[in-house]
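See below for the structure under consideration.
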Amino acid sequence: MGSATTPTTVSTATMPTSMTDAEATRLGFKRYVHGTTYFNGIAPTITATASGLSVGGNSMIPYQMQDGTWRLKGNIATAYSSNTNGDIFIAGITTPADNQPIAINTQINTINNNYFGASGNQIVIRFSTGKTISEFSFDVALASKPTWAY
């Protein structure tokens with residue numbers, strides 16, 4: 001007999017490789033990458049205001065919390081042809097109305113003013129003098145499920 005904390009039946013866990021794209025996405029087991037087309041032919045494209053953007057290694061993993069809200073975790077490496085303060089954008093996501101801190105490689109960038117921007121799809125990056133590379137990791141709240149996620 002089960003109680004509030006003990007189930008009456010034991011289920012076996014589904015292997016992530018056996019899950020549908022939608023199940024894997026909700027649970028944070030599906031990785032999305034820049035420029036690859038996913039749900040409804042939409043890609044999580046990364047763009048920037050700084051000139052000459054080159055996107056290197058990247059991984060974006062949306063997942064859903066128990067209360068129904070969505071989050072996005074991941075990491076992105078970028079390089080630019082010029083040293084400029086700039087904003088990076090990820091198509092298909094919307095964040096809540098507050099700035100959210102991100103972890104950034106401090107050997108490459110200044111420590112101040114690097115954050116996932118409020119009410120949009122913007123990551124604000126402020127470069128140190130002479131720097132043209134940006135490497136960062138994040139786990140941020142979203143206002144809704146990304147448009148490109150299953």
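Brief remarks on what is shown
- Applying 1/(1 + (r/R0)^6) with r as the Cβ-Cβ distance of Ser137 and Thr20 and R0 = 22 angstrom yields a FRET efficiency of 0.20.
- Gain in span if fully extended, Gln66 to Ser51, counting 0.36 nm per residue against the direct Cα distance: 1.4 nm
- Tyr150 long-range amide H proximity, modeled H, under 5 Å: Phe39
- Note, ³J(HN,Hα) from phi for region 17-23, Karplus 6.51, -1.76, 1.60, rounded to Hz, x at Gly and Pro: 5, 9, 7, 6, 4, 5, 5
- Amide hydrogen neighbours beyond the local backbone of Phe89, cut-off 5 Å, H modeled: Thr47, Ala48, Ile123
Any read-out appearing in this document is the output of simple, stated calculations on the displayed coordinates, not a laboratory observation. Everything numeric here is computed off the predicted structure, so don't read it as measured data. With ideal geometry, Cβ positions are generated from the backbone for all residues, glycine too; neighbour counts draw on all protein chains shown.
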